[in-house]
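Working notes, structure below.
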Amino acid sequence: EAGVTQFPSHSVIEKGQTVTLRCDPISGHDNLYWYRRVMGKEIKFLLHFVKESKQDESGMPNNRFLAERTGGTYSTLKVQPAELEDSGVYFCASSPWTDLNNEQFFGPGTRLTVL
Amino acid sequence: GNSVTQMEGPVTLSEEAFLTINCTYTATGYPSLFWYVQYPGEGLQLLLKATKADDKGSNKGFEATYRKETTSFHLEKGSVQVSDSAVYFCALSDQGGYQKVTFGTGTKLQVIP
C-alpha cells in the first residue's frame, strides 16, 4: 500500500511569489492534516480536513495560506504571496476515520525556501 | 493548551552507548503519547506510542513508559547503532483517532562508530 506522498520535495521561490504544495493521502483515509516545521523549532499543526471539509484550521498562520481538498482525496496548500518566514518543511499526514487508532501517517515533507 | 518539552540536541553518542532523550508534557485529560523519528532524507515515522498511564511503548530496541505522575515519556535504548542517527520528536494527541498532534522541538541524535 502506498504511503502519504507530497509534491514537490523541494521548492525555492522568491518573496512575493506563489507556491502550491500537494499532498496525496493514503487511499481511504478520511482525515488529512497539514503541519509545518520552521527551522529548528517544533512541528506545528496547521489544519485538519475530514474528507473535503475543514474540521480545524486553528493553526493556519494568516490569510496568505489557503488549503483545499476537493473531492476529499488529495489536498493542496497554497501560499500567496510567500514571505521569508514561510520557509520551512511542510508535512502532510493522514489517518482513517476511527476513534480507536491515534496514529497519523506522515509524508516525507516539502521543504520550502523563500528568498 | 497542550505542549511538549524535550531535551535539546544535538546528542552525540558512540556506538553501543545508552541513550536517553527526556520528554515531558502538559495536557488536559489523558493524552496518547508518541515518539516519531525522522531519518536523514526521509519523512516522519512513528517509532512507538503509549495510550494510557504505565503503558510501555517499544520498537526497534527503543522503549518509553507513560508516566502520568511525572508527566513524562522519556525515550531509551540500551545500545545505539550508527543507523539510529536521526531526529527524534516527542509528541502527544488527545484521545480520539482524529486529534491533531502536538510535537516537541525534536532532538538530533548522531551516533559515531
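Quick note: the coordinates plus some simple rules give every number you see, no bench work behind them. Remember, predicted model here, so these are calculated numbers, not experimental data. In this analysis, Cβ positions are derived from the backbone assuming ideal geometry, glycine residues included, and neighbour counts consider all displayed protein chains.
Points worth noting:
- Legend: residue pairs A:Lys51/B:Lys49; A:Lys51/B:Lys60; B:Lys77/B:Lys100; A:Lys44/A:Lys78; B:Lys49/B:Lys77; B:Lys52/B:Lys100, Cα-Cα distance threshold 22 Å; pairs beyond threshold, A:Lys51/B:Lys49; A:Lys51/B:Lys60; B:Lys77/B:Lys100.
- Beta bridge orientation in chain A: antiparallel %, DSSP, nearest 5: 90 percent
- Candidate aspartates and glutamates - alpha carbon under 19 Å from B:Lys68, same-chain residues fewer than 8 apart omitted: B:Asp54, B:Asp55, B:Glu76, B:Asp94
- Based on Cα contacts under 8 Å between residues 6+ apart, chain A shows a relative contact order of 37 percent.
- With q set to 0.08, 0.17 Å⁻¹, the log10 of I(q)/I(0) for the protein assembly as shown, from the Debye formula over equal scatterers at the Cα positions, is -0.29, -1.24.
- Burial ordering of A:Tyr33, A:Tyr90, fewest other beta-carbon atoms within 10 Å first: A:Tyr90, A:Tyr33
- Inter-label distance, nm, simple model (7 Å from Cα along the C-beta direction), A:Arg22/B:Glu76: 4.7 nm
- Relative exposure of A:Lys51, B:Lys56, A:Lys44, judged by other C-beta atoms within 10 Å (fewest first): B:Lys56, A:Lys51, A:Lys44
- Cα Rg over Rh - the range B:25-84, Kirkwood: 1.00
- Bins of 5 Å, starting at 0 and running to the largest distance - Cα pair percent for chain B: 2, 13, 24, 26, 18, 10, 5, 1, 0
- The charge dipole of chain B, taken about its Cα centre with unit charges on the Cβ of Lys, Arg, Asp and Glu (plus for the first two, minus for the last two), comes to roughly 280 debye.
- B:Tyr30 paired with A:Thr76, simple spin-label distance in nm, labels 7 Å along Cα-to-beta-carbon: 4.4 nm
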